[in-house]
Amino acid sequence: MAINYNEHFGECVQRVREEGRYRTFATLARKAGAFPKAMYHAEDGSSREVTIWCSNDYLGMGQNPKVLQAAKEALDNVGAGAGGTRNISGTTIYHKMLEESVADLHQKEAGLVFSSGYVANEGALSTLGKLMPGCAVFSDSMNHASMIHGIKGAKCEKFIFRHNDIEYLESQLRSIDIKRPKIIAFESVYSMDGDIAPIKEICDLAEKYNAMTYLDEVHAVGLYGPRGGGIAEQRGLLDRVDILEGTFGKGYGCMGGFITGSRSMIDAIRCYAAGFIFTTSLPPSVLASAHAAVEHLKVSQIERKQLQENAAMFKNMLRNADLPFMDAQSHIVPLIVGEPNCCREVTSILLEEYDLYVQPINYPTVPKGTERLRMTATAVHTQADMEIMAGALEHLWNTHHGLIALAMQSKECPANLAGAQA
């Protein structure tokens, strides 16, 4: 019998629904000058103001006046689009300025801008592996999907080491010929748990076993270090990391990704990475705004200081409420629910009853049984914002604690939680 395509794909989606991990998108209109407030546009056509608690715009740079002005000026001066790929008329003065800026940020010889952080990781890692015959890649088990995609694309031998486990990594490195080319790929801040890699110890192993280091700093650039260079800069390790990767879509509040490193490495990736070569270039307004954000955060400490103070304050509120959050080293605050349907229902109650928006994080983004709310108290959340969220979570937990605990054991959300009044 011939396949019914619509039926087949409908069944694929239904399986996702049955597993409790079907994702619905909240339609938002952020309010410039008022973030983390936004207008939520519901499916019934109504709209109301909500407070966003899951944004990656950690410092509120998406509404910074310098950033907005740079975008407006570029739009007025050169128009909307870049006009082509980087190789075919799409390289602008804004690319040159931004790539020089990120190279300076990381004290490297060169930088290269991509359309996103995902494309930067995929393009760089797949290219590096392909260009080194016999290469072996050592990847942290918690690495982002973009890194996993890039490593698979490299089609070379890969080793997955237990998360942040230095002894395990060394045992793997020791198992192959020291003369073989090797890449150790890892992140600085891991976005789902909020923990931080032992960068120095990994660099020590890389030197000992003749390996390159590739560090993803997407959740750290702009946020850590005296100039926003990330955890490697904060810990004085920039010179020990071969290639650093970052994004303009989180701490810098804009869009795009980048890598920095030696001129020869960056030029090789520029010449061979398909995701760089064959995609339309980012528009000048986006590049100009990202450049303004990077340059501002090289000198301004206000936003970073406020973020750290807010993160500490919010964690303390959750701690006092005895809520089960992962108290990691970074600004990221994961609150474990442990069952996908319950996780979704908790976030639904927060949105419908409290006007607090946080997206449920379910499998495959996190392992099954660790479903969570991934929250961030950004630099622009107020103490009142934090008190409201902490109070709402405490009330939900105290009211439905038994039901949520039951759900975590049975892997099924009780019906009376789904319709509960907060």
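Report, ordered by the first and then the second residue, all pairs with beta carbons closer than 9 Å, sequence separation of six or more or different chains, a first member in the range 11-29 that is open to solvent by 100 Å² or more (accessible area, probe 1.4 Å), and a second member that is assigned to a helix (DSSP H, G or I) and modelled with pLDDT under 95.
Between residues of the range 11-29 that are open to solvent by 100 Å² or more (accessible area, probe 1.4 Å) and residues that are assigned to a helix (DSSP H, G or I) and modelled with pLDDT under 95, the close pairs are ARG23/VAL16.
Do you know which residues across the range 338-351 are surrounded by fewer than 22 Cβ atoms within 10 Å (Cβ to Cβ) and part of a loop (DSSP other than H, G, I, E, B)?
GLY338
Here's a check for you: in the range 241-265, which residue that is in a loop (DSSP other than H, G, I, E, B) and open to solvent by 10 Å² or more (accessible area, probe 1.4 Å) is nearest to ALA82 (Cα to Cα)?
Initially, the range 241-265 is screened for residues in a loop (DSSP other than H, G, I, E, B), giving 241-242, 248-256, 262.
Keeping just the survivors that are open to solvent by 10 Å² or more (accessible area, probe 1.4 Å) gives 242, 249-250, 253-255, 262.
Numbers: ASP242: 30, GLY249: 19, LYS250: 22, GLY253: 20, CYS254: 17, MET255: 15, SER262: 27 Å.
Top of the filtered list is MET255.
If GLY33 passes every condition in (1) loosely packed, with under 14 Cβ neighbours inside 10 Å; (2) part of a helix (DSSP H, G or I) but one, which one does it miss?
(2)
Taking the range 36-48 only, how many residues are open to solvent by 20 Å² or more (accessible area, probe 1.4 Å), closer than 24 Å to ARG372 by Cα and touching a residue at least 60 places away in the same chain (Cβ under 8 Å)?
Of the residues in that region, 1 qualify.
Any chance you could count how many residues in the range 80-99 are without any contact (Cβ under 8 Å) to a residue 40 or more places away in the chain and in contact with a helix residue (DSSP H, G or I) (Cβ under 9 Å, 6 or more places away or on another chain)?
Total meeting the criteria: 1.
Please list, ordered by first then second residue, the pairs with beta carbon atoms under 6 Å, 6 or more apart or interchain, first in the range 68-79 and under 16 Å from ALA32 (Cβ atoms), second in a helix (DSSP H, G or I).
Taking only residues 6 or more apart or on different chains, the pairs are ALA70/ALA288; ALA70/SER289; ALA70/ALA292; ALA71/SER285; ALA71/ALA288; ALA71/SER289; LEU75/SER285.
Out of the residues in the range 81-115 that are buried (at least 20 other Cβ atoms within 10 Å of the Cβ) and in a loop (DSSP other than H, G, I, E, B), state the one that is modelled with the lowest pLDDT.
ALA82
Looking at (1) in contact with a His (Cβ under 9 Å, 6 or more places away or on another chain); (2) crowded, with 23+ Cβ neighbours inside 10 Å, can you tell me which one VAL294 breaks?
Here VAL294 clears every test but (1).
Among the residues of the range 325-337, write down those that are free of Cβ contacts under 8 Å to residues at least 60 places away in the same chain and either loosely packed, with under 15 Cβ neighbours inside 10 Å or small (Gly, Ala, Ser) (or both).
ASP327, the sole residue that qualifies.
So in the range 298-319, with the set limited to residues that are free of Cβ contacts under 8 Å to residues at least 24 places away in the same chain and under 12 Å from ALA390 (Cβ atoms), which one is most open to solvent (accessible area, probe 1.4 Å)?
Step by step, filter the range 298-319, then rank; the result is ARG319.
For VAL221, only one of the following conditions fails: (1) within 22 Å of GLU303 (Cα to Cα); (2) without any contact (Cβ under 8 Å) to a residue 12 or more places away in the chain. What is its number?
Evaluating VAL221 over (1) within 22 Å of GLU303 (Cα to Cα); (2) without any contact (Cβ under 8 Å) to a residue 12 or more places away in the chain leaves (2) as the failure.
Would you pick out the residues in the range 217-239 that are open to solvent by 50 Å² or more (accessible area, probe 1.4 Å) and touching an Asp or Glu at 6+ places or on another chain (Cβ under 8 Å)?
Correct list: PRO226, ARG227.
The values are calculated or read from the model by the stated rules, or taken from the named source; none is laboratory data. Quick caveat: nothing in here was measured; it's all calculated off a predicted structure. Don't worry about glycine lacking a Cβ; one is built from the backbone with ideal geometry, like all the others, and counts go over all protein chains shown. Each accessible area value is taken on the protein alone, full model and side chains, heavy atoms only, with ligands, DNA and RNA left out. Shrake-Rupley method; radii C 1.70, N 1.55, O 1.52, S 1.80 Å.
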